[in-house]
């Protein structure tokens, strides 16, 4: 894949994305609760996050593969935008400093191929050289692209968040639920970080995982 010199590489949207510009990305701006690496290692009280949700959010498996198993549906990647951000830190978590510039920001939805439901929104940051090596087809799930190369990965969870992200409410389709769970992590290969990913999960996965708290 060749990244053009344009600042943003746009992909058609299957539905309006609330008018958000590709120069922005979706995050939980003011978390009502957030946890550190130490919290993730220790685990959270079940009245905050249930065991099944903890296994999903705080485990080290590929979320696309987990969603496929949970829902018995193939999962499709809807690429919303890919944006060249150069050496900008993009107002991202501080771990972005480990991703070499120039950087590319990729924004996606993960959807059920059967129902069209959106299960999550993800933003990832890549070094341009690393993306050209490992993610030649941005429309494929990351784990599929890397498995094709038999690439061993370590998922290094850095933060977990609970709070609102109003810009995703319409897309997620649950207007009565205004708080979501999110997380960010680094993917490592060969002792080097290859991407940083920030995910926000839709209430739709509650149908499969049950209530997010006990």
- Query: If R0 is 30 Å, what FRET efficiency do you get for residue 188 and residue 74 from their C-beta distance, rounded to 0.05?
  - Reply: 0.65
- Task: May I ask you to sort 188, 53 by Cβ crowding, counting other Cβ atoms within 10 Å and putting the fewest first?
- Result: 188, 53
- Note on the structure: Going from the fewest other Cβ atoms within 10 Å to the most, one would list 42, 136 as 42, 136
- Based on DSSP H runs of at least 4 residues, each adding -39500 (n - 2.57), what is the mean residue ellipticity at 222 nm of the chain after dividing by all its residues, to the nearest 500 deg cm²/dmol? -5000 deg cm²/dmol
- Note on the structure: Exposure proxy check on 189, 184, 66: fewest-to-most Cβ neighbours within 10 Å is 189, 66, 184
- Task: State the Cα centre-to-centre distance between segment 49-96 and segment 118-133 in whole Å.
- Result: 10
- Task: Using per-residue counts of other Cβ atoms within 10 Å, averaged over each peptide, order 77-90, 196-209 from highest down.
- Result: 196-209, 77-90
- Query: Which peptide among 98-105, 54-61 comes first, and what is the full order, when sorted by highest mean count of other Cβ atoms within 10 Å?
  - Reply: 98-105, 54-61
- By the Kirkwood definition, with r running over pairs of different Cα atoms, the chain has a hydrodynamic radius in Å of 17.6
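Values in this text are rule-based calculations from the coordinates and carry no lab data. Everything numeric in this text was worked out from a predicted model, so none of it was measured. Note: ideal-geometry Cβ built from the backbone for every residue, glycine included; neighbour counts use all protein chains shown.
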